[in-house]
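Written below as structure tokens is the structure these notes are about.
The values are calculated or read from the model by the stated rules, or taken from the named source; none is laboratory data. Keep in mind the model is a prediction, meaning the values are calculated, not measured. Positions of Cβ are generated from backbone atoms using ideal geometry, with glycine treated the same way; all protein chains shown enter the neighbour counts.
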């Protein structure tokens, strides 16, 4: 299968590395020219078909597209992929398919990084191993390396969100172990007048 990764930055490198290791043919496309992506090129795994500075022909022969978080969900390339009937996914969608542990997703306008770091510390005080990834440090696929479970408990993962549009790529979970929970909004206490 040939996968197209749109975006050659951190998430794109993590996707390409994972997909190459899984035996997929990988093409990475980015609008930026090679001169602006030298560090990213140096970290890209071998065997990747890099197409930098030009997206023409990027979808030819592709079976699935993985969009990096910085790529607008309504970008012309993704819209063209949809028109051709090519499946579109993301790093977080792939991570959720591969992950067997509990995932804590944190969303909102302000305070996500602080809340995520604090959540990681609180969960880490428990008996289960915790991995914090996403917009803090490494990508979630980079952090997916096997962490030994203690006493047969699944792993816990805490991660900050991608932009809300990026969550559109996440497919609804199936099966009894999967659930999606939404917490309510916190309101600031009113000051007495």
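Which members of segment 28-53 meet the condition of being buried (at least 18 other Cβ atoms within 10 Å of the Cβ) and assigned to a helix (DSSP H, G or I)? Within segment 28-53, 40 is the sole residue that qualifies.
Let's see how each residue does on (1) modelled with pLDDT of 95 or more; (2) surrounded by fewer than 16 Cβ atoms within 10 Å (Cβ to Cβ); (3) outside any strand (DSSP E or B):
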| residue | (1), (2), (3) |
| --- | --- |
| 26 | yes, no, no |
| 55 | no, no, yes |
| 62 | yes, no, yes |
| 69 | no, no, yes |
| 85 | yes, yes, yes |
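Of all residues in segment 87-125, count the ones that are part of a loop (DSSP other than H, G, I, E, B), over 27 Å from residue 72 (Cβ atoms) and at pLDDT below 90. I'd like the intermediate steps shown before the answer.
The first filter runs over segment 87-125 and keeps only residues part of a loop (DSSP other than H, G, I, E, B), leaving 99-101, 106-111, 125.
Keeping just the survivors that are over 27 Å from residue 72 (Cβ atoms) gives 100-101, 125.
Those still in the list that are at pLDDT below 90 too: 100-101.
Qualifying residue count for the region: 2.
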